[in-house]
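The values are calculated or read from the model by the stated rules, or taken from the named source; none is laboratory data. A quick note: this is a predicted structure, and the numbers were derived from the prediction, not measured. As a convention, Cβ positions derive from the backbone with ideal geometry for all residues, glycine included, and neighbour counts pool all protein chains shown. What goes into the accessible areas is simple: the full protein's heavy atoms, side chains included, and nothing from ligands, DNA or RNA. Shrake-Rupley method; radii C 1.70, N 1.55, O 1.52, S 1.80 Å.
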Amino acid sequence: MLGMVKNSLLSRVEAWPYRLLSKGEKDQVSYEERACEGGKFAAVELVGKPFDEATKEGAVKLLKYVGGSNDKGVGMGMTAPVSITAFPAEDGSFQQKVKVSLRIPSQFQDSPPCPTDESIKIEERQGMTIYSTQFGGYAKEADYVSYAAKLKAALGSDAAYHKDFYLCNGYDPPMKPYGRRNEVWFVKE
């Protein structure tokens, strides 16, 4: 636990590498199109729990993993964002299924330590192009749903992206009270 707290408070946070392709704004909604690098990710899938409860549980598991709960007992440092794959229901709310993940820090990409928590899987992911919009505060399900609707409206019907899921991203530790950064990402088809 001490490793997790030290890792999230005192470590330098490594950002998920991306290249900005374009910026736009419509109806007071700013958005970006980015090409995000692929790589290895630690991920945990949670089913049957409300979104906010599941995301908190998944994030804690991943923080423990990068904080030293792995076969090498090494604190790896933190990456941002913690990314939650959400699956919208017909009414726009989320199904009770999420995948919480974070990109393995660069120095461990070639050979990431094995998690001691068997629910955490190491996944190899391809790069992707995304549409993103940003907002502040402590994000909950309702915030992500609201900003996803705003991003959808801003992009209009011409943008081709996956409609069956989107990514809800948090960049800050829970102890940071101000200047928080959250994003909704739609993955381009």
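Things to note:
- Residue within the range 132-155 that is assigned to a strand (DSSP E or B), over 15 Å from the mean Cα position of the chain (by Cα) and not small (Gly, Ala, Ser) present: no
- Criterion violated by residue 159 - all others in (1) part of a strand (DSSP E or B); (2) more than 13 Å from the chain's Cα centre (by Cα) satisfied: (1)
- When the residues of the range 142-165 are filtered to those that are among the small types (Gly, Ala, Ser) and more than 18 Å from residue 34 (Cα to Cα), the one that is surrounded by the fewest Cβ atoms within 10 Å (Cβ to Cβ) is 157.
- Which numbered condition residue 93 misses (of (1) surrounded by fewer than 15 Cβ atoms within 10 Å (Cβ to Cβ); (2) of a type in the set (Gly, Ala, Ser); (3) in contact with a helix residue (DSSP H, G or I) (Cβ under 6 Å, 6 or more places away or on another chain)): (3)
- From the list 57, 37, 14, 45, the lone residue that is farther than 19 Å from residue 147 by Cβ, modelled with pLDDT under 95, surrounded by 13 or more Cβ atoms within 10 Å (Cβ to Cβ) and among the charged types (D, E, K, R) is 14.
- Of residues in the range 74-88 being hydrophobic (A, V, I, L, M, F, W, C) and more than 14 Å from residue 48 (Cα to Cα), the one most open to solvent (accessible area, probe 1.4 Å): 74
- Candidate set: the range 118-139, residues that are touching a helix residue (DSSP H, G or I) at 6+ places or on another chain (Cβ under 8 Å) and loosely packed, with under 15 Cβ neighbours inside 10 Å; chosen: the one nearest to residue 32 (Cα to Cα): 137
- Flag if residue 168 is hydrophobic (A, V, I, L, M, F, W, C), surrounded by fewer than 16 Cβ atoms within 10 Å (Cβ to Cβ) and within 25 Å of residue 46 (Cβ to Cβ): no
- Residue 108 falls short on exactly one of the conditions (1) surrounded by 17 or more Cβ atoms within 10 Å (Cβ to Cβ); (2) at pLDDT below 95; (3) more than 30 Å from residue 23 (Cβ to Cβ), and that condition is (2).
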